[in-house]
Amino acid sequence: MSVQAVNEFNSKVRTLLVRMVRELPGDAKIERLQRKAMVAIDMLPTAPIKLIGPHLLRYQKDIYSTTDYKRFFTMKDPFHEEIQQATKTAGDAQAVLEVIPRLQEVARGMTNAAQHEVLEIVQDMLQCYVDFVESEQR
């Protein structure tokens, strides 16, 4: 297991959570999501990369779209159905599964520059997942 990939992925998740709270201060749902996801990260450090990573990989074309970087934010809840299924087996870590759909929702109201910054973080997360998978196969 690549500890570096896991730590970097979790750092990116934390960054996105803080960013969402800053974008919508006082939003109880986002603040609750942040608390739950932070606990899940602390208790099960590999949970975020194992739960979110496969979904990022599935939508890598949208995440890496060079012609339309907004594509990722305007997709009609690509993770929604998958996350409902995965949540049934995720248990306590289910909060981390909610990060990307909520991020997409929050990011729709951000400036173009802010959306671009967020997408770069998501792209970094995807690369961390690829590194993690590669290290697992060695």
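Readers should treat all values here as calculations from the given coordinates under stated rules, not as data from a laboratory. All of these numbers come straight from a predicted model, not from anything done at the bench. Every residue, glycine as well, gets a Cβ built from its backbone with ideal geometry; the counts of neighbours run over all protein chains shown.
Between Arg35 and Glu23, 0.36 nm times their residue separation minus their Cα-Cα distance comes to what?
Answer, rounded to one decimal: 2.7 nm.
Which part of the stretch 118-138 falls in the paramagnetic zone of Gln4, meaning amide N under 13 Å from the point 7 Å along Cα-to-beta-carbon?
128, 131-132, 135
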